[in-house]
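See below for the structure under consideration.
The values are calculated or read from the model by the stated rules, or taken from the named source; none is laboratory data. What you see is a predicted model; the values in this text were computed from it and never measured. Reconstructed Cβ throughout: ideal geometry from the backbone, glycine too, with neighbour counts over all protein chains shown. All accessible areas refer to the heavy atoms of the entire protein, side chains included, with ligands and DNA or RNA removed. Shrake-Rupley method; radii C 1.70, N 1.55, O 1.52, S 1.80 Å.
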Amino acid sequence: MENNNASGRYFSLVESWHWNDILSALKELYPEISLDENYKYEGDDIIRPTQFNLDRMNSLGVKVKSIREIFAECISFFQSKGVL
């Protein structure tokens, strides 16, 4: 998709997740995944995910997929290819 009114740099990052959230989502979407039982980080210094201002990206009117959607599509693709 091209927008002639666009100028500068745009990126399509919708959200930023902590590793705990990434691993939990993968476990939920693909229960067969082999994860160490101690994969969750529970320290006091847990880092907050990065926050972004999406105003410029949203001004283009492009629908960007969520991390969960991307994971689900990747898992489905790899399953269809016999990799998972």
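Can you give the local net charge around W17? Use residues other than it whose beta-carbon is closer than 14 angstrom to its beta-carbon, Lys and Arg +1, Asp and Glu -1.
Charge balance in the 14 Å sphere: +1.
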Say R0 is 35 Å: what FRET efficiency, to the nearest 0.05, do M57 and S80 get from their beta-carbon distance? 0.70
Counting other Cβ atoms within 10 Å, which trypsin sites (Lys or Arg not before Pro) in segment 55-84 have at most 15 and lie in a DSSP loop? K63, K65, K81
Quick one: how many Å² of V83 are accessible to a 1.4 Å probe, rounded to 10? 100
